[in-house]
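These notes concern the structure reproduced below.
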Amino acid sequence: MDLHYVIIGCFVGLMVGLTGVGGASLLTPLLITTGIQPTMAVATDLFYNSITKLFGSIQHIRQKTVNMLLVSYFAAGSVPSAVLTIIALKFYPPLHAYQDLIITHALGIVLIFIALLQIAKLWMTDGTPSRIQNKPLHEKKWMTISIGAALGFVVALTSIGSGSLFALAMMMFYRLRASELIGTDIVHAFLLVTAAGLMHAGMGHVDFVLTINLLIGSIPGVLLGSIMTTRLPAKPLQTVMAGVILVSGIKLL
């Protein structure tokens, strides 16, 4: 057991339980700053996330709060896109030679975008449903698959966005109940990060001991954070965490 990484896992779990901010947005840059190679940080985070999202997926499927058709459309684009991205980074020489640099800069850009998105989502009111939101899902099949492919590329490259970016897409283009949006987001994220995590694991990029240490810390951290949410104001905390993510993104560029 490495107490250093157990504490990092506990901190990330605490912040996720307390604020709802995506764990990958905090964990991946933290791992890089502690000296973990960017490729291994991304790969380990994806594998770690697949385990944590498994339990959430099971619960939401039991609750019937998952739009499985939307999950299948997203996954039809995101999973092949993520797999091809990882293969290209590994086996295409011009990309492989600068793999860590590409990942670090992409991570910085996505972190800045996620932070600004989080702040905007907190302090802006929702508008009335748009025309595209009112369209039936089968008429948006190819648009949904395309969104999945584009965001699957981002997730495979940075480990970030399997929850937040897809949640944003669902809020912008689809009409879902709050519980259904969360359930659909988690189940799709599980499929995506599992596929990407297994690809990285097969290439030897995942540090399994590190994953176990992070899980030892994050599970009690999430539980503690969830309990504390009833006692602390959510919006100011989420705004502060978005600010931390923004600074992390700027430092990685």
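Rule-based calculations on the coordinates, nothing more; no lab input. Computed from a prediction, not measured in an experiment: that's the story for all the values here. We place every Cβ from the backbone using ideal geometry, glycine too, and count neighbours over all the protein chains shown.
Selection among Gly23, Phe91, Ser130 by position relative to the dipole of the chain gives Ser130 as farthest towards the positive end (Cβ unit charges, Cα centre). Taking trypsin sites (Lys or Arg not before Pro) as exposed when DSSP calls them loop and at most 13 other C-beta atoms lie within 10 angstrom, the chain has its longest site-free stretch at 65-176. Pull up the cross-link candidates among the aspartates and glutamates for Lys53, meaning alpha carbon to alpha carbon under 17 Å and not fewer than 8 places away within one chain. Within the straight-line limit of under 17 Å, Lys53 reaches these aspartates and glutamates: Asp45, Glu180, Asp185.
Remark: Phe153, Phe55 ranked as Phe55, Phe153, counting other beta-carbon atoms within 10 Å and listing the fewest first. Across the alpha-carbon set of segment 17-118, the Rg to Rh ratio works out to 1.00, Rh being the Kirkwood radius. For the chain, adding -39500 (n - 2.57) for each run of n ≥ 4 DSSP H residues and dividing by the number of residues yields -27000 deg cm²/dmol at 222 nm. At full extension, Leu215 and Ile109 could sit 35.5 nm farther apart than now, given 0.36 nm per residue minus the alpha carbon distance. Given R0 = 35 Å, the distance between the Cβ atoms of Ile250 and His4 translates into a calculated FRET efficiency of 0.90.
Extent of segment 71-123 along its three principal axes (Cα atoms, max minus min coordinate, largest first): 44, 31, 9 Å.
How large is the translational diffusion coefficient of the chain in µm² per second when you combine the Kirkwood radius over alpha carbon pairs with Stokes-Einstein at 37 °C and 0.692 mPa s? Can you show the working numbers first?
Numbers: Rh = 18.3 Å.
This corresponds to a translational diffusion coefficient of 179 µm²/s.
The modelled label-to-label distance for the pair Ala150/Gln63, using points 7 Å beyond Cα in the direction of Cβ, is 2.9 nm. In what order do Glu180, Glu139 fall by count of nearby beta-carbon atoms within 10 Å, going from fewest to most? With the sparsest Cβ surroundings first, the list reads Glu139, Glu180.
Entry for segment 134-231 at q = 0.14, 0.18, 0.22, 0.23 Å⁻¹: log10 I(q)/I(0) = -0.70, -1.00, -1.20, -1.25, Debye formula applied to identical alpha-carbon scatterers, no solvent contribution.
Largest mean-square fluctuation among Tyr92, Tyr73, Tyr174, in a Gaussian network model of the chain whose springs join Cα atoms under 10 Å apart, belongs to Tyr92. Between Phe208 and Gln133, full extension at 0.36 nm per residue minus the direct alpha carbon distance yields a gain of 22.9 nm.
The value for segment 138-182 of Rg(Cα) / (2.2 N^0.38 Å) is 1.17. Screening the chain for DSSP H helices whose Cα atoms reach 20 Å or more along their own axis and whose mean Kyte hydropathy is at least 0.0 gives 3-19, 38-63, 68-91, 99-123, 141-158, 178-202, 208-228, 234-252.
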